[in-house]
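To start, the structure under review is shown below, and the notes come after it.
Each reported figure results from applying straightforward, stated rules to the coordinates on display, with no laboratory input. Quick caveat: nothing in here was measured; it's all calculated off a predicted structure. Cβ placement follows ideal geometry from the backbone for every residue including glycine, while neighbour counts extend to all protein chains displayed.
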Amino acid sequence: MRILNKTNGIWMILIVLSFGLLQGAILLGLIDAFYEITLVTILINMILAIGLNVIIGFSGQFSLGHAGFMAIGAYATGILTKQFPNYGGMAAGIVVGGIIAGIVALIVGIPTLRLKGDYLAIATLGVAEIIRIIILNMGDLTNGAAGLSGIPYLSTWYIGFFLAVVVLIFAANYKYSSVGRATISVREDEIAAESLGIHTTRYKTIAFVMGAVTAAIAGSIHATYFSVISPDQFNFMKSIDILIIVVFGGIGSLTGSVIAATVLGVLNVFLQPFGSFRMILYAIALISIMIFKPSGLMGTKELNISSFIRKKDKSENKKREEKVR
Amino acid sequence: MENLIQQLINGLSLGSIYALLALGYTMVYGIIKLINFAHGEIYMIGAFVGYYVINYLGVGLIPALLLSMSFTAVLGVIIERVAYKPLRKSSRIAALITAIGVSYLLQNGMIYFVGPEVRSFPQVVENSLYTIGSFQVSKMQVLIIVTTFILMAGLQFIIQKTKMGKAMRAVSIDSQAAELMGINPDLVISFTFFLGSALAGAAGVLVGMYYNSINPMMGYAPGLKAFIAAVLGGIGIVPGAVLGGFAIGLIEVLISGYGNSMVRDAVVYGILIVILLVRPSGILGKHAKEKV
């Protein structure tokens, strides 16, 4: 498949278009400093949701410790950029945070992903707590419960947008690669996949590690955009927030996650004054989605441009299919 | 040595609470293979019901326990009927997410309606100390351990000797076969939630008295640890939950007593990872081959 085909071209145009629209809105003052924070929050949540979707949606495993991996990225970048307050420091922070998160995910994933069932959920929950407790007890390096402050403001929404696009493209290519298809087959039927010679543990672990690394990237942006991080920002509630985005968008749909992160991010601005009532609404929404429309907004489907194109020359495809038969 | 015995007594009373909670997790998991995340919140609501009936109705400990247990038992059944029953046929992830949603709803609902602040639990039992030899047992500790043993004996009786208990065991082994034998699985599942939630309510009242403080977030950490206790003992196995609960309670108290209390939680979560690594079916669990 050529890289520069019609589908990729249209996606490229869409990405550039949304970037242009956002940039225009900022230049015209439609998005002021306050809404820019919302924008970056949406982009961070997008990265987190895409990462969690790779774990839950593709491999069918259930991780509840996404905030823990985000904390690893945030602290790695926070500590490094305080030493080297430049983009080199930030890049190093992203790489180091990603590597540590990946290693932790490997250590947790290999034993728990051998098992069938929802052991990963409970193990990741424990791991996120362990990460938080370790961060709390690392003394001057992490500054305990008070957290790190004065992290240089290195991230802009450009960086957030760029990384969100990179993560999205990476996840999309993963989904349609042979590794991704093997991972999805594990989700569909673990026993059947195993009998076809798919090393189920390996593919589950790959998806889990990828999710953890993207969470660390999101954490890095969070640290360098907001400048202040503390352990209690990365608690269980944060993991649930991300889970809500994934469930709303549709478990297994990347474009669903992108849409849900945007919609919920905008909705949050309007629901802010309601405080904890907002949480009640989210909880009720979460339960009713699971009961009435467990597939979420998009199900496992994607907003698929190539299918739009394909519709045009459907007749041609039919001919081809007949030939195959 | 005396210190050790003292710690063991403390561990036993904390372990009783975990055991009561772990029983609820393990029974529900045994019967519908669901990690009932809302269980910790039911325990929290049990504590609040105890708080309100003691403060506003002025009742003693036993009526407060019974009222709280009946309230949470009914609540558990309602949750099961409304949120979990429609999902009986869908994927386990869907049920798990719903359970998290319910837990989130109860927690934030309580924060919204009663406020997030910490309240002190009314003391209906004066906290006197019994000195036996050179170590001390508080009246509260005795009360917790005795209540737990009475409740466990009751549960054991229901599961082993009654018709409903037999039905529970049958459904947990094979729900379809049980249905063919004329057992209504929905009724049995509701009954399981009824029992488990009642035990959680009792644990809530006991813990409120023991620690003298309650708040809407109190269910999260003990709920998680009780689940770990259930996994440690072998999830789905009733005696395993008791064993696991006491083990986690003792480990926790010994670490706070002899080591760093900050790492206590980390060690408990670490135990979970280790048990998943070396013996995922738990201490009392048997390895079951999956049928295709």
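Among the listed pairs B:Lys33/B:Lys163; A:Lys175/B:Lys286; A:Lys116/B:Lys166, which are separated by more than 30 Å between their Cα atoms? Before the final figure, lay out the partial values.
Details: B:Lys33/B:Lys163 22 Å; A:Lys175/B:Lys286 37 Å; A:Lys116/B:Lys166 28 Å.
Checking Cα-Cα distances, A:Lys175/B:Lys286 exceed 30 Å.
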Cα shape, region A:32-324, gyration tensor, a/c 1.5 rule:
prolate
Taking each residue of B:267-274 in turn, how many C-beta atoms of other protein chains fall within 10 Å of its C-beta, and what is the average?
5
Among A:Ala261, A:Ala105, A:Ala218, determine the one that fluctuates most according to a GNM of chain A built with springs between C-alpha atoms less than 10 Å apart.
A:Ala105
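If you build the Cα gyration tensor of the protein assembly as shown and take the root of 5 times each eigenvalue, what three semi-axes come out, in whole angstrom, biggest first?
On the way: eigenvalues 382, 178, 103 Å².
Over the Cα atoms of the protein assembly as shown, the ellipsoid semi-axes are 44, 30, 23 Å.
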Comparing A:Phe277, A:Phe62, A:Phe170, which has the greatest mean-square fluctuation in the GNM of chain A with Cα pairs linked when under 10 Å apart?
A:Phe277
Pull up the cross-link candidates among the aspartates and glutamates for A:Lys204, meaning alpha carbon to alpha carbon under 18 Å and not fewer than 8 places away within one chain.
A:Asp118, A:Glu188, A:Asp189, A:Glu190, A:Glu194
Expected sort for A:Ile47, A:Ile13, B:Ile255 with the fewest Cβ neighbours (10 Å cutoff) up front is A:Ile13, B:Ile255, A:Ile47
Report the label-to-label distance for A:Val95 and B:Ile150 in nanometres (one decimal), using points 7 Å from each Cα along the Cα→Cβ vector.
6.6 nm
Mind checking Rg over Rh on region B:108-254, alpha carbons, Kirkwood formula for Rh?
1.03
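Assuming R0 = 41 Å, can you tell me the calculated FRET efficiency for the pair B:Leu8 and A:Phe19, based on Cβ-Cβ distance, to the nearest 0.05?
So, using R0 = 41 Å, E works out to roughly 0.05.
Rounded to the nearest 500 deg cm²/dmol, what is the calculated helix-only ellipticity per residue at 222 nm for the protein assembly as shown, with -39500 (n - 2.57) per DSSP H run of length n ≥ 4?
Values: 25 runs with 440 residues, N = 617.
Calculated mean residue ellipticity at 222 nm is -24000 deg cm²/dmol.
Could you pull out every whole DSSP H run in chain A that spans at least 18 Å of Cα extent along its own axis and averages -0.5 or higher on the Kyte-Doolittle scale? Intermediate values should be presented prior to the final figure.
Details: long enough: A:6-27 (31 Å, 1.51); A:33-53 (30 Å, 1.74); A:66-83 (26 Å, 0.57); A:87-112 (37 Å, 1.93); A:119-136 (26 Å, 2.09); A:157-175 (26 Å, 1.67); A:200-226 (39 Å, 0.77); A:236-249 (20 Å, 2.08); A:254-271 (25 Å, 2.02); A:276-292 (24 Å, 2.10).
Helix filter hits for chain A: A:6-27, A:33-53, A:66-83, A:87-112, A:119-136, A:157-175, A:200-226, A:236-249, A:254-271, A:276-292.
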Expected sort for A:Ile103, A:Ile110 with the fewest Cβ neighbours (10 Å cutoff) up front is A:Ile103, A:Ile110
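Of A:Asp232, A:Asp140, how do they rank once you tally other Cβ atoms within 10 Å and put the fewest first? Numbers along the way, then the final one.
Working: A:Asp232 12, A:Asp140 6.
Ranked by crowding around the Cβ, least crowded first: A:Asp140, A:Asp232.
Take each complete run of DSSP H in chain B, measure how far its Cα atoms stretch along the helix's own axis, and keep only those covering 24 Å or more with mean Kyte-Doolittle hydropathy at least 1.0; list them. Let's see the in-between values first.
Numbers: long enough: B:2-32 (44 Å, 1.08); B:61-79 (26 Å, 2.36); B:92-114 (33 Å, 1.37); B:139-161 (32 Å, 1.45); B:185-211 (38 Å, 1.41); B:238-258 (30 Å, 1.65).
Those that clear 24 Å and a mean of 1.0 are B:2-32, B:61-79, B:92-114, B:139-161, B:185-211, B:238-258.
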Expressed as a whole number, the average count of other chain Cβ atoms within 10 Å around the Cβ atoms of B:275-285 is 3
